[in-house]
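Encoded as structure tokens, the structure appears first; notes follow it.
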Amino acid sequence: MTEALPPPSNVPEFTVSELSGSLRKTVEETYSFVRVRGEISGFKRHSSGHLYFALKDADAVLDAVCWRGQAGRIAIAPEDGMEVVATGRLTTYPGRSKYQMVVERMELAGQGALLKLLEDRKKRLMAEGLFAPERKRPIPFLPDVIGVVTSPTGAVIRDILHRLAERFPRRVLLWPVAVQGDGAGQQIADAIRGFNALPTDGPVPRPDVLIVARGGGSLEDLMAFNEEVVVRAAAESLIPLISAVGHETDTTLIDFASDLRAPTPTAAAEKAVPVRAELLATIAELSGRLVAAGQRGLEDRRQRLGHTFRALPHPRRVMEECGQRLDDRTERLGNAMPLFLERRRAELDRLGGRLRHPREQIAEAAHRLSTLATRLDHAVKTTRAAEQATLERRRMQLDQISSRLTQSLPRLMTDRTGRLEATGKLLESFSYRKVLERGYAVVRDAAGAPVISARAALPGTALAVEFSDGTAQVLVAGTATPPAPPSPARTKPRKSAADGRQGSLL
């Protein structure tokens, strides 16, 4: 039996490559120029220089690629989370059956997003202390070598050199860098660190001050000076650094990390060196003032010396007076020693006459000792007699107190016993058990609380009736309606509980 062949069809057949090529042609012709707004996600810079990332919003994701030639011309540095507007075209990638966007230009999605990005970066760097005022160093008054970091082809370097030549010619070292575009921030940071790495006594002199400069431009053009790597390099610089980026109204993050901010590159050159002519004029003025002050000082000291000379006596008279005083002191010194010895001898004789013989002193001391011994013996005898009398008096008092205590203790015990028996009888008379012995009973509920009303004794309630000789458990069968209270006029005399006619609680 032969196998049935499929019926012929008019639908054309494509190979996979043909179909992929057709789709690619359709997509590229339809979307040859598009602008897409989205958030960058999964950003990656390949070693080849190409940029790979995705643009996403709340509902979709679009793969994107930026070739190396176009990546160098992008004004911003892409990073994850940045909202951008990408311009380019759509194409397909047949190797993976995917479509993607080839980005040719990229810009932040609005000025507000860029300013927010810069503000967030500024707050983060400020929290690290990179903008602290105590980190800033003073600018040298007259540096020998000035390092400039800027573009070698722009008008900035010419303005700086021209201004330095007008004010005070100094040696200038230029480190050429790109001031915008991809990689510009890294070049600027490398230039700042390169100047700081120069040795002090090397073949290339180490600058005394650095100027990082650029002309004016839009916010996107100045983004290289807002990159974190540039700000950190400026903050780490050991050489004092002047930032001069843009015009007066332009502000970048490097301005906060630098030691001094200049509104323009020309102003940076003015802040780096003083005016030579003004310095010469100042030096000449100070020299004249110094010479005049020296002359006035000499004249003043000459006058003071003349006044002092006139006030001082003649040296010959001073010497004659000193010689006379010396002769007088010599004569008095020769007479003073014999007189001094004579006075001391007379004083010694006087003191010797006042001294007594040791036998007299010993006899007087023995008499005083005998007197004290007699007084001490009398005092001891007197004290002993007084203590004996006091002891005898205390013994008699103790005997009296003991006798009184022996007599009062039985009376006290008898009195306390009588009071205790009276209190017991009184307490016994107040006990409710005495009432129970007269024929009364106490009704309690299941919780042990007294039942004082017939309304509380509901039918079927278990109650405990306590008599004088025990307790009986009862069950309420019914409750009689309590009689109406009698009028005051018909009040009957209350029956005594002694007649034995107690009503039944049941």
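Taking the Cβ of VAL145 as the center, what net charge do the other residues with Cβ under 10 Å away carry, scoring Lys and Arg +1 and Asp and Glu -1? Please list the in-between numbers first.
Details: positive: ARG170, ARG171, ARG206; negative: ASP144, ASP208.
Result for the local shell: +1.
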Separation of alpha-carbon centers, the range 89-132 and the range 217-262, rounded to whole Å: 20
Relative contact order of the range 16-109, pairs being alpha-carbon contacts under 8 Å that are 6 or more residues apart, as %: 31
Exposure proxy ranking, count of Cβ atoms within 10 Å, fewest first, for TYR31, TYR432: TYR432, TYR31
Label-point separation, ARG344 to SER32 (7 Å along Cα→Cβ), nm: 13.4
Cβ-placed point charges (K, R +1; D, E -1), dipole of the range 16-109 about Cα centre in debye, nearest 20: 340
The chain: calculated mean residue ellipticity at 222 nm from DSSP helix runs of at least 4, using -39500 (n - 2.57): -16500 deg cm²/dmol
Spin-label model distance (nm) - HIS247 vs ARG171, 7 Å beyond Cα toward Cβ: 3.7
Rounded to the nearest 20 debye, dipole of the range 237-348 from Cβ charges on Lys, Arg, Asp, Glu: 1000
Exposure proxy ranking, count of Cβ atoms within 10 Å, fewest first, for LYS425, LYS122: LYS425, LYS122
9 Å beta-carbon shell around TYR52, net charge (K/R +1, D/E -1): +1
Surface/4 of the Cα convex hull for the chain, nm²: 108.3
Span from the the range 34-86 Cα centroid across to the the range 137-194 one, whole angstrom: 33
Per-residue Cβ neighbour rank within 10 angstrom, fewest leading, PHE430, PHE43: PHE430, PHE43
Cα lying deepest toward the dipole's positive end in the chain, options THR264, GLY216, THR92, charges on Cβ: THR264
The chain, dipole about Cα centre (Lys/Arg Cβ +1, Asp/Glu Cβ -1), debye to the nearest 20: 4300
The chain: relative contact order in percent, alpha carbon pairs under 8 Å with at least 6 residues between: 8
Extension gain (nm, one decimal) between ARG419 and PHE141, 0.36 nm per residue minus Cα-Cα: 88.8 nm
23 Å Cα-Cα threshold exceeded, pairs from LYS44/LYS98; LYS122/LYS271; LYS25/LYS56; LYS56/LYS123; LYS56/LYS122: LYS122/LYS271; LYS25/LYS56; LYS56/LYS123; LYS56/LYS122
Added length on full extension, which subtracts the Cα-Cα distance from 0.36 nm per residue, LYS123 to LEU369: 78.6 nm
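Read the figures in this text as sums done on the coordinates, not as results from a lab. Everything numeric here is computed off the predicted structure, so don't read it as measured data. With ideal geometry, Cβ positions are generated from the backbone for all residues, glycine too; neighbour counts draw on all protein chains shown.
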